[in-house]
Each structure stands twice: as C-alpha cells, then as structure tokens.
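Read-outs: derived from the displayed coordinates by stated rules, not from any lab. Keep in mind the model is a prediction, meaning the values are calculated, not measured. Cβ sites come from the backbone with ideal geometry, for glycine too, and all protein chains shown count toward neighbours.
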Amino acid sequence: MSTTSNASLITRARATHGVKERDVSKVLCHRLRAGVEEYLIKWRIRTTSEHAMASWHAVDQLTDCLKQIQLYIEESNEKNLALKSSLLISNDHHASRKRKSPGGDPVTIQSRDAANGLLTPHDPRQLSRASSVGSISSSGSKKQIVNSPSVYNGFLVRKAGRIKGQQSSDPIYPQINADTLPTPEMVNAAKNCPMTEAERLIRELFYLTLNAVPNVHLENKVDGSTPSLNFTFTNKLVYQNGIYQAPVDTYEGCGPKCKPNMGQNCGCEYTKVCQCLEFAAVDEQQLKKMPEWDDYVKFKEEGGSFDTSGAPKRFPYLRGHSGRPSILQSHYLESREPIYECNPNCNCGPMCKTRLVQKGRKVGLTIFKTRDRGWGLYCNEDLIEGEFIDTYLGEVITNEEADLREAQSKDKSSYLYALDKFVGDEDVGGLITQDDCYVVDGQHMGGPTRFINHSCEPNCRQYSVCYNKHDLRLYHLAFFAYEDIPQGTELTFDYADKDEEEEAEAIRRRQAAALDPENKDRLPCNCGATKCRGFLWD
Ligand SMILES: C[S@@+](CC[C@H](N)C(=O)[O-])C[C@H]1O[C@@H](n2cnc3c(N)ncnc32)[C@H](O)[C@@H]1O
C-alpha cells in the first residue's frame, strides 16, 4: 500500500442494492466463491432464539457494513496470531492506563490504569429453495428475490436500493441454528481465503475520513490493515458529559500596556508586564536584578509563599527567522512548566509571539503501520528541537466517565489523557482535585497525534498550554520536538512522563520488572530503546 490521502471512489464497488449496517448484528465468516469475496452476516432481526437469519453476500453488497467487516478481519487476524504463537490473550484490564499531564510531581499512573452445522455453505438446496419462494411481500407488493448463494432461516428481498432479510421458520427455507455459525468447515475454508477486496474498500473509506485533517497521509508497508473506521478525525476538543467551556469573550486579555505590533512585532515580550504571563515561569535572570530576589531565593529553598505577580516572567517562544519555525524556549522544554498564550481578548494582535499552539499544526504528518506497536506517526519534514507539532484532541469527558470507559473497554490500548496538571491549585471553580479534573479520550475521536506511540527515550514531549489563565481544568496538550527529528522518523513520547534514568539503572530495573510475576498482565513495551523500562504503563 502506498502513501496517499486521496480516495478513489468507494462508490465504484457499490452494488445497486446493499445491506444496511443497522440490519447487521455481526460478520461471522468469509469465503471466496467463483472468484468473489463473500461475507457471512448475522441479521439483527430475530423473533425466535434458534432462528436468527444469516446470509452470504459479495463484499460489494456490504459497503455500508465495512466497520463490522473490519472488526471481523481484526478478530480473525488476532485469532490466527494467537494460534500461531500459542499465546493466551489476557482480558484483564484492571490497571489504569490513563496518562498524566506533563511535568507534574513524580508521575505515578494511578492504580486503575459451530460445530453442528446443519447445512454446508455450498448446499445446493439453499439456492433453489430461496429462489423458489417468497416472491410476494407481506404487503402484497412485488418483491425481487436476490440471487443469493446461501441464506439461512429466511429469504432476502430487494427494495429501494436496500437488501433486507425476511426471517421465516418455514422449513421450505434452509434452517440452521445460527448460533452455531460459522461452522468449523466454514472457519477452515476461510483460513486460506483472501480478504483483499474488503481491505481495499476499508482503506478507501478511511482515506475519505482523512479529508477532515489536511496534510495527513496513511502508509502501510506491513500488511493490508487500516486504522479503525470507528474513529473520526476532528480539529477541536469535543466537550461531552455537559462539560462547559467558558465563552472566549469572557477570557481575560493581556492588559492595556500591550498593543499590536510592539517592538517590531515581538508582541507581549516587549512589555514584560503582559497579564497573560501572570502565572508563567519566573524569569530568574531578570528577577536577580530586582530587590525581590532574596525573598524569591528564600522561597525556593525553604518553601512558604512568594507572590510572583509583577515579577518578570519567561516568554515561552523564540521566533524563527529566515523561514525557520518558532520554537519553545529551552527553559520550558526542560521544565515543562505550563505555557500561557494570549487570547482573542488581548490587545497585542494576531502577530504576537505568544500565539503559536493556538494557530494549529503547520507540519505534514503520516500515520504508518509499525511491525509491533500498531499504528505510529511520523512527520513529513525535518523538525527542529522545540518545534511545535500538534495538539492532542478528542472527547473531553469527566474522570468518572473515563473510569467507566476504561472498565468497559476490551482493548488493552489506552487513549485517555488526564487534564490534571493543576491538581491542588484553585481556579474559578474552586480547588482542583484528581477526581474532578477532566480527561481527553482520543480513542474514537481525535487528531493524528493519537497515533503517537510510547518510547522510554522519546524524541517529543507534551506540554500544557493555557489560553484562558483562569480556567485550569480546560487547557490544551501540545507536542513539541524534544530534539532535532529528521523527516520520516517515528515521533514518540513517554506515556509515563518519567525523567531520564542512567542507562545501567534503567537496564537493572527492566530486568527486575521482567522477572516480577506481578507484571504478567502488563503491556510489554516494544520501544527498543536502550533505556527501555520493559512495560508500557506503571
Ligand atoms: C495512544 S495509542 C498509540 C497508537 C496505537 N499504536 C494505534 O495503533 O492506535 C497507545 C497504544 O499503542 C500501543 N503502543 C504504543 N507504544 C507502544 C510501545 N512502545 N510498545 C508496545 N505497544 C505500544 C499500545 O497498544 C498502546 O496501548
């Protein structure tokens, strides 16, 4: 499969009549018949327990059911893999895999982190019987029987572009206990049948979804799979569970001293008193020259309180020249202190240097298939240290909902990202606790960064970026390059946001972790780094 985001028309493969996704309960099996890829579907209509309807369809009749076919393909591949490696896939999901915000206290990921087939698919009776009856609908109108190769427990009708199943327990139709499908014979026959046409259609449908995010490509040099069709690309955070974002016109701006085009467009850095930087990191070089310095040193050494308002603050970005991009200042790159940007109510105007993340992604990205970590992400151009890549997007949900989703999910992957950077701080809503902070879930909705894999020695880091300095529950998670990254190099970040360890210590810990029986259900890390910690989640 080549790298592209252009979709050829999926309609090319669409039959004049098709099965609707809502009518299908599950895709059960596949086969090749007269060179045509066919899928066995179980229908939703079911009036008696033994007689759910099932029928075989050429893939071009199932273009509305590609999500279900994709699920079937994934499950078949997993089963084959499990069979091959004789590994038991554990379904234990007790450990929490919710990621923390960057640069908090030492990060601890919380501990929550057919057998008796009555008819074979090739039984000629099915065809003749199905075709010989049912030409009149219950409403009396003329129905056209689909020339289906095999239908169980009913018959098919074509109406208004749709193929519909009509369940019947009349013995003139082939009857089977649908719960016994697929039969072992079907499963056996399926093993050697390709699914390439379905894979092609799934890929084309995914390309269409990519249109929502410009300059993002797909590449798979490993197999025929495609990222899940149960995923929708979005360009913004999607607030759920009644979560309310204060309207932009209520954000406090940077104050009267800030004006557009100050200091040759260097923006709020010029005034040094921008209100948006009020909570930003203190600029110690500047403070040293001021009388407050001694109090500040005492506060850092002994704790207590120090009022940083009015103290000079560190500006987050350095503007690039001669076409080079702006970059994050090294202080922020290392410390991961929150970044404050100006907002639409500021006087500084759109050219102010603080406005970087809010202007969105500028670089092209490719979602690509890795050999042992699912899908990954690389950048199509060289990135320089400190360069902004993109934000993490998805549904913003409550912590309670995140716990529910995690408990219900059969998937070992996690796309949950806690907005807990400011736990322990107060904002307009009061004291922020771990339980009431929000979580971004990128599993079913998000941007390309939800495909970034973990590495124990990552080349990217994630940072908290606030536009509304008075709402510390809703901020943005932004990825920046932590080093120069040549184009085509996989982008990674540390899911546990750990500080770097000495190599010998990292190896010692990895070896000890591998021997610890407590780790048997943890997801092994395949990052391949020398300092790999051995497992993905804490
Ligand atoms: C946020 S997703 C990253 C995208 C994911 N690879 C995909 O295909 O959708 C996190 C999941 O990717 C996989 N993953 C990421 N980094 C990994 C690593 N270093 N080793 C093994 N699996 C990894 C794990 O399944 C993990 O739960």
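Taking a ≥ b ≥ c as the square roots of the Cα gyration tensor eigenvalues, with a/c under 1.5 meaning rounded and otherwise prolate when a/b beats b/c, else oblate, which class fits the stretch 387-436?
Working: a/c = 2.74, a/b = 1.24, b/c = 2.22.
Cα axes put the stretch 387-436 in the oblate bin.
Using a simple charge model, +1 on the beta-carbon of Lys and Arg, -1 on the beta-carbon of Asp and Glu, nothing else, what dipole does the stretch 289-348 show about its Cα centre, in debye to the nearest 20? Mind showing how you got there, number by number?
On the way: 8 positive and 9 negative charges, 90 e Å.
Once rounded to the nearest 20, the dipole reads 440 debye.
Looking at this model, which pairs from 26/369; 79/164; 236/421; 257/469 are more than 23 angstrom apart at the alpha-carbon? Don't jump to the answer; show the numbers that get you there.
Numbers: 26/369 26 Å; 79/164 31 Å; 236/421 20 Å; 257/469 18 Å.
Pairs exceeding 23 Å: 26/369; 79/164.
Ordered by residue, what ³J(HN,Hα) values in Hz, to whole numbers, does the stretch 500-506 give under the Karplus form 6.51 cos²θ - 1.76 cosθ + 1.60, where θ = phi - 60° and Gly and Pro are x?
5, 10, 5, 4, 4, 5, 4
Compute the separation of the alpha-carbon centres of the stretch 509-534 and the stretch 339-372 and state it in Å as a whole number.
Answer, in whole Å: 35.
Would you tally the net charge around residue 369, using a Cβ to Cβ cut-off of less than 10 Å, leaving residue 369 out, and scoring K and R as +1, D and E as -1? Numbers along the way, then the final one.
Working: positive: 221, 371, 373; negative: 219, 223.
Neighbourhood net charge equals +1.
What is the fewest-to-most order of 254, 65 by other Cβ atoms lying within 10 Å of their Cβ? Before the final figure, lay out the partial values.
On the way: 254 27, 65 24.
Ascending Cβ contact count within 10 Å gives the list 65, 254.
Cut-off is 10 Å between beta-carbons; in what order do 414, 464, 169 appear when sorted fewest neighbours first? Present the calculation step by step, with values, prior to reporting the outcome.
On the way: 414 25, 464 22, 169 12.
Placing the least packed residue first, the sequence is 169, 464, 414.
Simple spin-label model, 7 Å along Cα-to-Cβ: residue 324 to residue 180 in nm?
7.3 nm
For the charge dipole of the stretch 210-358, defined by +1 on Lys and Arg C-beta atoms and -1 on Asp and Glu C-beta atoms about the Cα centroid, which residue among 218, 254, 240 has the Cα displaced farthest towards the positive pole?
218
Take residue 196 and residue 498, extend 7 Å from each Cα along the Cα→Cβ direction, and tell me the distance between the two endpoints in nm.
Between residue 196 and residue 498, the label points sit 4.4 nm apart.
Of 404, 384, 431, which is farthest along the charge dipole of the stretch 384-431 in the positive direction, counting Lys and Arg as +1 and Asp and Glu as -1 at C-beta?
Positive-most Cα among the choices belongs to 404.
Can you spot the aspartates and glutamates whose alpha carbon is less than 12 Å from residue 300's alpha carbon? Ignore those fewer than 8 places along the same chain.
Within reach: 284.
With θ taken as phi - 60° and the coefficients 6.51, -1.76 and 1.60, list the Karplus ³J(HN,Hα) couplings across the stretch 280-292 in order, rounded to whole Hz; mark glycine and proline as x.
Per-residue couplings from phi come out as 6, 4, 6, 8, 5, 4, 6, 5, 3, 7, 10, x, 6 Hz.
Please list, in order along the stretch 239-251, the HN-Hα scalar couplings obtained from phi with the Karplus expression 6.51 cos²θ - 1.76 cosθ + 1.60 (θ = phi - 60°), rounded to whole Hz, x for Gly and Pro.
Listing the rounded values in order: 7, 10, 6, x, 5, 10, 9, 4, x, 4, 6, 8, 5 Hz.
Please rank 293, 56, fewest neighbouring Cβ atoms within 10 Å first, as an exposure proxy. Intermediate values should be presented prior to the final figure.
Values: 293 14, 56 23.
Lowest to highest Cβ neighbour count: 293, 56.
Calculate the spin-label point distance for residue 515 paired with residue 298, positioning each point 7 Å from the Cα along the beta-carbon direction, and give it in nanometres.
For residue 298 paired with residue 515, the spin-label model returns 5.2 nm.
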